[in-house]
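Right, one structure below, let's go through it.
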Amino acid sequence: MRLTLGNFDYHNNCFKDDKSKDNLYFTGSVKKEFILKKDDIITPLTEQAIGLLGSTAKIPCSGKYIQSQDVALIKCNKKLNPDFAFYLIPSKIVRNQLSAAAQQTKIRHTSPDKIKDCSVWVPEYSEQEKIGKLLSRIDNKIAINRQINRNLA
């Protein structure tokens, strides 16, 4: 499936299945680097709704989704922990920088270079791991509670 901006639940900062369009399935050949893996972090490059720039989502399973031109893949290194990055990008300081750097058109755009140019203080990698794991656990508990509430309703 081709990723779209409809795959971002930017109110809850998570991934959602996009069933709003008919042309989501891509049948042509795809370069290996565009096939996404479970827990890859993505962020939109186009703001078709206010608040979309700076949101993040994690790919739910490997081999099903391909990256599109509207979506950036966040690649972490030995200095940036993926779980930490998932929560850093939608932080107010990063969103403000992305918003300020976005091209001012009817539909605003950013680029991977503008995301890389964001300036933030980042703790040591071991602290990033702790912060990322803690925030992930909290998000998982919230998701479980929401599911319980839906089942009780």
Go through region 96-106 residue by residue and tally those that are open to solvent by 60 Å² or more (accessible area, probe 1.4 Å) and closer than 21 Å to Leu73 by Cβ.
1
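Here's the yes/no breakdown for (1) open to solvent by 70 Å² or more (accessible area, probe 1.4 Å); (2) among the aromatic types (Phe, Trp, Tyr); (3) in contact with a strand residue (DSSP E or B) (Cβ under 6 Å, 6 or more places away or on another chain); (4) under 25 Å from Lys31 (Cα atoms):
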site: Thr56; (1), (2), (3), (4): no, no, yes, yes
site: Val94; (1), (2), (3), (4): no, no, no, no
site: Ser111; (1), (2), (3), (4): no, no, no, yes
site: Ser119; (1), (2), (3), (4): yes, no, no, no
site: Glu124; (1), (2), (3), (4): yes, no, no, no
site: Ile138; (1), (2), (3), (4): yes, no, no, no
Could you go through region 70-90 and let me know if any residue there is under 23 Å from Glu124 (Cα atoms), buried (at least 16 other Cβ atoms within 10 Å of the Cβ), of a type in the set (D, E, K, R) and within 14 Å of the chain's Cα centre (by Cα).
yes
Can you find even one residue in region 97-106 that is under 22 Å from Ala57 (Cβ atoms) and touching a His at 6+ places or on another chain (Cβ under 8 Å)?
yes
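The values are calculated or read from the model by the stated rules, or taken from the named source; none is laboratory data. Only a predicted model underlies this, so the values are computations on that prediction, with no experimental measurement involved. Cβ: placed from backbone, ideal geometry, glycine included. Neighbour counts: every protein chain shown. Side chains are part of the model used for accessible areas, which takes the heavy atoms of the whole protein and leaves out ligands, DNA and RNA. Shrake-Rupley method; radii C 1.70, N 1.55, O 1.52, S 1.80 Å.
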